[in-house]
1. Quick one: how many residues across the range 89-131 are farther than 18 Å from Gly66 by Cβ and touching a Ser or Thr at 6+ places or on another chain (Cβ under 7 Å)?
2. I need every pair where a residue in the range 44-67 that is under 27 Å from Lys121 (Cα atoms) has its Cβ under 7 Å from the Cβ of a residue that is outside any helix (DSSP H, G or I) and β-branched (Val, Ile, Thr), sequence separation at least 6 or different chains.
3. Yes or no: Arg81 under 18 Å from the mean Cα position of the chain (by Cα) and assigned to a loop (DSSP other than H, G, I, E, B)?
4. Report yes if Val47 is in contact with a His (Cβ under 8 Å, 6 or more places away or on another chain) and modelled with pLDDT of 90 or more, otherwise no.
5. Give the residue, chosen from Arg56, Arg50, that is open to solvent by 40 Å² or more (accessible area, probe 1.4 Å), touching a Pro at 6+ places or on another chain (Cβ under 8 Å), under 24 Å from Ile14 (Cβ atoms) and of a type in the set (Lys, Arg).
6. Give the number of residues within the range 79-101 that are among the charged types (D, E, K, R) and either in contact (Cβ under 8 Å) with a residue 12 or more places away in the chain or touching a Pro at 6+ places or on another chain (Cβ under 6 Å) (or both).
7. Quick check on the range 86-105: of everything there that is under 19 Å from the mean Cα position of the chain (by Cα) and in a helix (DSSP H, G or I), which residue is surrounded by the fewest Cβ atoms within 10 Å (Cβ to Cβ)?
8. When you scan the range 58-81, how many residues do you find that are of a type outside the set (Lys, Arg), more than 17 Å from Val37 (Cβ to Cβ) and modelled with pLDDT of 80 or more?
Amino acid sequence: MSQQANPRGTFLKIADSVKRQIEDDPGMTELPSLAEVMHEHKVSRGVALRAFSVLRQAGLAEPVPGERWRVLRGDMQVDRRPLEQRIAEIVTTDGLEVGEAFPSASALAERFGVSRPTVAKALEKLDAAGVLAGGGQGKVRTVRAVPAREERS
C-alpha cells in the first residue's frame with residue numbers, strides 16, 4: 001500500500017497539536033523542548049522548528065535565548081530584557097553593596113529558570129562590564145559596582 005502525501009504539512013499538524021496543549025493548560029508557560037516534539041511526532045529538528053515558527057507568527061510563543069520557547073498570553077507581562085540586565089538588577093533590588101557576595105550561578109539559574117551555562121555567559125558579560133568581580137571554581141563572586149539604572153519602556 002503506498003502512502004500519499006498529506007495536503008496539510010506535518011509542521012502545521014504539530015503546531016495545531018501544541019496550540020491545543022496551550023489552550024487546554026492555562027498554566028503552561030513554555031513549549032515542550034524541540035527534542036520532545038521531535039520524539040513525540042517522529043520528525044526532524046527542522047520540522048519542529050517550522051511548527052514553533054507557526055506558533056510565533058500566531059503570537060502564541062516566542063523564542064528565549066538560552067531557554068525554552070515561552071508561551072505568550074494576552075494577560076501576561078514578560079520581561080524581555082537580556083538575562084545579564086535582569087541579573088544586574090539584583091544588585092539594586094536585593095540592596096547589595098559594593099564588596100558583598102553575589103548569588104551563585106546555581107541560585108541564579110533557579111531564580112530565572114534557565115540553565116547554569118546560560119547564567120555563566122551572562123555573568124561573564126557582567127564581569128567584563130565591571131559590575132561583578134571574582135567567581136569561578138568555588139570562589140565567591142562579589143559586587144564590584146552598582147549598575148546604572150535603566151529606564152524601562
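1. Within the range 89-131, residues that are farther than 18 Å from Gly66 by Cβ and touching a Ser or Thr at 6+ places or on another chain (Cβ under 7 Å) number 4.
2. So the pair list comes out as Ala61/Val71; Gly66/Val114; Glu67/Val114.
3. yes
4. Against the criterion (in contact with a His (Cβ under 8 Å, 6 or more places away or on another chain) and modelled with pLDDT of 90 or more), Val47 qualifies.
5. Arg56
6. Summing the residues that are among the charged types (D, E, K, R) and either in contact (Cβ under 8 Å) with a residue 12 or more places away in the chain or touching a Pro at 6+ places or on another chain (Cβ under 6 Å) (or both) in the range 79-101 gives 6.
7. The selected residue is Glu89.
8. 2
The values are calculated or read from the model by the stated rules, or taken from the named source; none is laboratory data. Quick caveat: nothing in here was measured; it's all calculated off a predicted structure. Ideal geometry is used to build each Cβ from the backbone, glycine not excepted, and the neighbour counts take in all protein chains shown. These area figures cover heavy atoms from the full protein model, side chains too; ligands, DNA and RNA do not enter into them. Shrake-Rupley method; radii C 1.70, N 1.55, O 1.52, S 1.80 Å.
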